[in-house]
Amino acid sequence: MAPPETVRVTSNYKAPPAYSEDQDYCNWKLDLQLWQEFTGLEKKRQGTALLLELKQGKIKDTVRSLGKDVLIAEDAIERHKHVVCGVC
């Protein structure tokens, strides 16, 4: 009889917490701050990763309107939070 297979679950924390317009913004912001502490994703890639996790709607459109230069900046997440806060 063969030994049972071992299932190994790993997480690389590359995908930021998703946000939707019906979600509590303060809770999501805390999740986002915690994700920033644990992700191995470079800061210049975090803004784009966050944009890609947003559901279609007003918030995603607003963040997308920031443009590529802002989305790939080291402080993109902080800029996201200010823009999302203004839309919520």
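Return yes or no: is Ala18 modelled with pLDDT of 90 or more and either surrounded by 14 or more Cβ atoms within 10 Å (Cβ to Cβ) or of a type outside the set (Lys, Arg) (or both)?
Here the answer is no, as Ala18 does not meet what is asked.
Which condition does Leu66 not pass, out of (1) at pLDDT 90 or above; (2) within 15 Å of Ile77 (Cβ to Cβ); (3) part of a helix (DSSP H, G or I); (4) of a type outside the set (Lys, Arg), if it passes all the others?
Leu66 satisfies every listed condition except (3).
Being assigned to a helix (DSSP H, G or I), under 12 Å from the mean Cα position of the chain (by Cα) and among the basic types (Lys, Arg) is the filter here, so list the residues in the range 53-63 that pass it.
Lys60
Within the range 23-52, can you find the residues that are at pLDDT below 90 and within 12 Å of the chain's Cα centre (by Cα)?
Once the filter is applied, which keeps residues that are at pLDDT below 90 and within 12 Å of the chain's Cα centre (by Cα), the range 23-52 yields Trp28, Lys29.
Can you pull out the residues in the range 32-47 that are surrounded by fewer than 15 Cβ atoms within 10 Å (Cβ to Cβ) and part of a helix (DSSP H, G or I)?
Matches in the range 32-47: Gln33, Leu34, Glu37, Phe38, Lys43, Lys44, Arg45.
Quick check on the range 64-85: of everything there that is within 17 Å of Gln23 (Cα to Cα) and either aromatic (Phe, Trp, Tyr) or in contact with a helix residue (DSSP H, G or I) (Cβ under 8 Å, 6 or more places away or on another chain) (or both), which residue is surrounded by the most Cβ atoms within 10 Å (Cβ to Cβ)?
Per the stated criteria, the residue is His80.
So which residues in the range 35-61 are aliphatic (A, V, I, L, M) and under 12 Å from Ile77 (Cα atoms)?
Ala49, Leu50, Leu51
The values are calculated or read from the model by the stated rules, or taken from the named source; none is laboratory data. These numbers were taken from a predicted model, which means no experiment stands behind them. Glycine also receives a Cβ, built like all others from the backbone with ideal geometry; neighbour counts cover every protein chain displayed.
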